[in-house]
Structures are given as C-alpha cells and as structure tokens.
Amino acid sequence: MDASDSTNQGLVERPTYLFLRVLEACNAGCEMCAFAFSTDPYRLPHSRLVQILQVARREGMRYIRFTGGEPLVHAEIIPMIATVSAECMLSSIITNGALLARKLPDLVSAGLRQAIVSIDGACAETHDRIRATPGLFERAVEGLTLAKERGLRTRVNTVCGPNNFRELPRLQDLLTDLHIDQWELSSLKLERRLDYTSRDIQEVDEVIRYVYTDAVSSNRLLPTGKVWCGNSSEERDRYFASGITPRPDTRCHVVHRVRYLDAKRDWLFPCSLLPHRPEAQRVAETMSAETGITLSPSHMRNMVDWYYVNGPDVCTGCSTTAAGYSNMLHNRQLEGDWAY
Ligand SMILES: C[S@@+](CC[C@H](N)C(=O)[O-])C[C@H]1O[C@@H](n2cnc3c(N)ncnc32)[C@H](O)[C@@H]1O
Ligand code: SF4
C-alpha cells in the first residue's frame, strides 16, 4: 500500500448510511441464508435505538436501513421507524415481504421512505422453493405493489446463482411492469465456489445481453452497479473460477459512506458486506471491545483507511451495488437519494 494513496481525493468523508440488524429471527427458510427460520430471541430494544440514533444524527447520518433476520417480525418496528422520522432521518427496510402488505399502512404512517423486497425468481415456483415459504412470491409482489401505490420508493434485491440466473430476463420484465424504482442484482455468496457448468456460463452471456446491454434501448429496469458476475472478462473468469464477486475498480469509497451495526453483538462494520464474510468476526471483534454505541471510534478510522486502499484487491464478497456505488463516488458522479 502506498501511504500517499490512502487519502480520499478530497471527497467528504462522512458515513451517511447506517444498516441496523435489529434481530436474527426470521419467518422464512431461504436455502442460502444463515438466519433461515431462526428463532433467536434477541430484539434491538427501542430505547437502545434511540441512543444509537442520537449518535448517528450527530455523525451526520441520513439514511437508516433496518435489516435482520426479518425486520418486520420485530414487534417494535413501527415505533422504531417513527423514531427515525422524528430524528429527521430517512428509513428503509429490507424484507422478505411476507408481512409487508399487512403492515404497510402503519409503516407509511410511521414515515418509512423505502421498501426493499427480496425476490429471487420470476415465478412463485422458483422463489418459494429458494425461500422455503409457500405463497411468499405472491405476498412480496403484493407488498411491493401497495408500497408503490402509497408513494414509497421501491427496490428489489435479487440474489443470483446457477439455479435462477435464467429467470432474470422474465424477472426484469416483471419489475419493469411493476414500475419498481431500483433493482439490486447480486451474486449468491456461499462459503464455496458456485457450481456453474460450462454450458451455464455460455447461457450467462445471453442473459447479460438481455438484462444489461439491451435493457437501456428497451426501457427496462437496469440493475444497479456492476454485472453480477463481473463487467470485464477478467472479472468474470475470476468469478466463475474462484467465486470472487466484482469489486470496486480503484479504491473502496463505500467504507466512507456506510456503517453496519449488528446490534445483538454490538459489532460495527465499515461496510454492509463485511458482516456476512468469514473475516467478519476478526474485523468486528476488534470493534466490539471498545465501541459501545460510538459510531466512529479511532480504530474504525484505521479500518476504513485499510479497506479503502486494500478492499478492491482483497475483498471476496463485494456486491454489485457496492462496487458500482464506489466507482460512482470515485468518478465524482452526482449521487441521488438512496443511491446505495
Ligand atoms: C439477510 S437478509 C435480511 C432481510 C430480509 N429478511 C430479506 O430477506 O430481505 C438481507 C439480504 O441478504 C440476502 N442474502 C441472504 N443470504 C445471502 C447469500 N448467501 N448471498 C447473498 N445474499 C444473501 C437476502 O436475499 C437479502 O436481500
Ligand atoms: S428471509 Fe432474509 S433473513 Fe430470512 S432466511 Fe431469507 S434471506 Fe435470510
């Protein structure tokens, strides 16, 4: 690492997004997720959220994103969103959508700004199988439709792997018809390389052509950030050979804008992807001994500087959105609300 290169080219270094994992319990059984059907009893207490938000506000954070487990299972999620609104920050929620339609009126009254719903297939058969939850696809689409009608910003997160990539064109058509605002199309991450066959890899090219290359002229909803398996042939070769997902091209600017708090363990991360990586415990343990609810401790500064320079070479589980967002900041492109 060249020390002279560890600066941020004069960008405003200010975390603006705070991810909060408010529980681990979940009402779905997704085959790829560590929280599948978890009955873990931990819930972030509302009183603690109030403390966290006071610090977040002081730090200048603007966007609070609730995640889990399944955040809509949290009994206090509505008052917690109302508290975010009262603190003049904007809230969003990442949800499997099972309870979204039912809770939407209260979520809207509490001031929720963005609904992010995970959808992994273009039909109930695929999605409900991956998520081991009959009826989930229908409820997720219903929730998104109502969220749109009630004026929320809508986003779909899709986790893509060898078993569902062929459905991406049909899913894109559906999301375009539903007028979804944003689509994050990221790679499935497992603690092993994904088994794409050589035939799959040939078919991936056709899917990329439809979903990315032709989407602009056809006015379809374009996924955010990089192509899920990489923009360049080098990135794709590495992804298919080693499972390393696309990374920022130069420096990682995400660490300047994003913090992730695993509330149960009091672990704070300089990125929303690190909590899901094998190195998470190593990174977070360092934090947990000292941080309490302070969102910018001194060693976080060191961690940020280290990942800013080294992340693009070493991170094995970056997301397409993170990589694209980082490139966008690096190129000083204008950043709209909820760009991350
Ligand atoms: C852990 S979930 C929590 C929020 C909510 N329960 C949901 O499913 O949207 C957050 C996101 O992580 C994604 N995810 C879960 N397991 C994953 C994996 N192995 N690889 C990549 N993304 C994953 C989910 O699809 C979801 O979009
Ligand atoms: S719904 Fe979300 S938290 Fe629950 S098992 Fe699926 S991906 Fe994991």
Task: Alpha-carbon centroid distance for the pair region 31-92 / region 219-238, whole angstrom - done: 31
- [ ] Sequence neighbours fewer than 8 away in the same chain don't count; with that in mind, list the lysines whose C-alpha is under 29 Å from Lys103.
- [x] Lys148, Lys264
Task: Most mobile listed residue (Thr158, Thr224, Thr213) in the chain, GNM with C-alpha springs under 10 Å - done: Thr213
- [ ] Leaving ligands, DNA and RNA out of it, work out the accessible area of Asp205 with a 1.4 Å probe and give it in Å² to the nearest 10.
- [x] 70
Open item on the list: At 7 Å along Cα-to-Cβ for each site, give me the label-to-label distance between Leu222 and Asp173 in nm.
Closed with: 2.2
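Express the accessible area of the chain per residue in Å², computed with a 1.4 Å probe while the remaining protein chains stay in the model. Show your work: numbers first, answer last.
Working: 14350 Å² over 340 residues.
Value for the chain: 42 Å² per residue.
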- [ ] Starting from the residue with the highest accessible area, list Thr250, Thr39, Thr176 in decreasing order, probe 1.4 Å.
- [x] Thr39, Thr250, Thr176
Task: Alpha-carbon Rg with Dmax, taken over the chain, Å - done: 19.1, 54
Task: Proximal lysines relative to Lys189, as straight alpha-carbon distance under 18 Å, when same-chain residues fewer than 8 apart are discounted - done: Lys226
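Would you compute, from DSSP H runs of 4+ residues alone, the mean residue ellipticity of the chain at 222 nm, taking -39500 (n - 2.57) per run and dividing by the full residue count, rounded to the nearest 500?
Values: 12 runs with 127 residues, N = 340.
About -11000 deg cm²/dmol.
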Open item on the list: At 0.36 nm per residue, and after removing the present C-alpha to C-alpha distance, how many nm does the segment from Gln333 to Glu31 gain when stretched out fully?
Closed with: 105.0 nm
Task: Efficiency of FRET from Cβ geometry, Arg14 and Ile201, R₀ 41 Å, rounded to 0.05 - done: 0.50
- [ ] Tally up the carbon and sulfur contribution to the accessible surface of the chain as a whole percent, 1.4 Å probe, everything protein left in place.
- [x] 49
- [ ] Sort out for me the Cα centre separation of region 94-136 from region 147-195, rounded to whole Å.
- [x] 12
Open item on the list: Going by average Cβ density within 10 Å per residue, which order do the peptides 270-277, 40-47 take, highest to lowest?
Closed with: 270-277, 40-47
Open item on the list: I'd like the Karplus ³J(HN,Hα) series for region 108-117: coefficients 6.51, -1.76, 1.60, θ = phi - 60°, whole numbers in Hz, and an x wherever there's a Gly or Pro.
Closed with: 5, 4, 6, x, 4, 9, 9, 10, 10, 10
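The values are calculated or read from the model by the stated rules, or taken from the named source; none is laboratory data. Since we're looking at a predicted model, the values are computed, not measured. Note: ideal-geometry Cβ built from the backbone for every residue, glycine included; neighbour counts use all protein chains shown. These accessible areas exclude ligands, DNA and RNA; they are computed on the full protein's heavy atoms, side chains included. Shrake-Rupley method; radii C 1.70, N 1.55, O 1.52, S 1.80 Å.
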